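The structure appears right after this line, and notes come after that.
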Amino acid sequence: MIVSAFTVGPFEENCYLLVDEDSRDAVLVDPGDEGDLIVSEVKASGATLRAIWLTHAHLDHIGGIAAVLRAWRVPVYLHPLDQQLYDESPRHAAAYGVPFEMPPAPDRALAEGDELIVGSHRFAVLHVPGHAPGHVAFYGHGMLFGGDVLFAGSVGRTDLPLSNPEQLERSLERLATLPPETQLYAGHGPETTIGVELISNPFLTGIARVVRR
């Protein structure tokens, strides 16, 4: 699996291109902005885009979808509990004073326990709410595409509409049980591992002690 990251937009969101080396099938995770740049990067990879997977529907994770869909008509996957955030994204963008192109409606509903496939690679869908009600992560092959649940040294905000701090804590408890060598590709900031965060992230160290009991 080849993973390429593009940091886009004023919120410096990480969009990921996952390419299966054998089939050259690919998916995009969270094309959040600068859709034309993302399209150029996908074309340069020589891969065939098959789908867009969304961890959640905050505006900085969906703003590039419309441009991508003009280039390829591929399905967009989103957990239904985030549909309200998706629909309200133009209003949220206006509140922040940032340009935003409303994407078409999602095509496929994600749910806990779903299995998504790109080439020969399979990823489990983990429902990890808190930062957003329908927030999911994609886990497989020692990799976690975690959106805005967990970052290097921090965690997702819970002061936004529809956020829930108690749910986020339970989601972090769940992620803390993943193998420590799991590579975390977060929605913002650098790549890290679950193990590094368990010993260095102040939001996770206390949870780690409880989980290990």
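The numbers here are math on the coordinates, done by the rules we state, and not lab data. The structure presented is a predicted model; accordingly, all values stated were derived computationally and were not measured. Please note: Cβ atoms are built from the backbone with ideal geometry, for glycine as well, and neighbour counts cover all protein chains shown.
So how far apart, in nm, are the two label points at Arg122 and Trp72 if each is 7 Å from Cα heading toward Cβ?
2.3
Would you indicate which of (1) 17.5; (2) 18.1; (3) 17.1 is the value of Kirkwood radius over Cα pairs in Å derived from the coordinates of this structure?
Answer by label: (3).
Just check the range 87-213 against the gyration tensor rule for me: Cα atoms, a ≥ b ≥ c as the square roots of the eigenvalues, rounded for a/c under 1.5, and otherwise prolate or oblate depending on whether a/b exceeds b/c. Write out the running numbers ahead of the final one.
Details: a/c = 1.90, a/b = 1.31, b/c = 1.44.
Oblate.
Rounded, prolate or oblate: pick one for the range 70-134, where a ≥ b ≥ c are the square roots of the eigenvalues of its C-alpha gyration tensor, a/c under 1.5 means rounded, and failing that, prolate if a/b is larger than b/c, else oblate.
Details: a/c = 2.62, a/b = 1.48, b/c = 1.77.
Verdict is oblate for the range 70-134.
Tell me whether the range 22-138 comes out rounded, prolate or oblate; compute the Cα gyration tensor, take square roots of the eigenvalues as a ≥ b ≥ c, and use a/c under 1.5 as the rounded threshold. All intermediate terms of the calculation are to be shown ahead of the outcome.
Values: a/c = 2.25, a/b = 1.15, b/c = 1.96.
Judged from the Cα gyration tensor, the range 22-138 comes out oblate (a/c at least 1.5, b/c at or above a/b).
Considering the dipole of the chain built from charges on the beta carbon (Lys and Arg +1, Asp and Glu -1) around the Cα centre, which of Tyr86, Gly156, Leu116 is farthest to its positive end?
Leu116
Lys/Arg Cβ at +1, Asp/Glu Cβ at -1, dipole of the range 2-212 taken about the Cα centre: which of Asn201, Ile62, Ser171 is farthest positive-ward?
Farthest towards the positive pole: Ser171.
Name the residues of the range 115-129 whose amide N is less than 20 Å from a point 7 angstrom out from the Cα of Arg24 along the C-beta direction?
It comes to 118-121, nothing else.
Using a Förster distance of 22 Å, how high is the FRET efficiency between Lys43 and Ala5, based on the Cβ-Cβ distance and rounded to 0.05?
Values: r = 17 Å, r/R0 = 0.77.
Taking R0 as 22 Å, the efficiency between Lys43 and Ala5 is 0.85.
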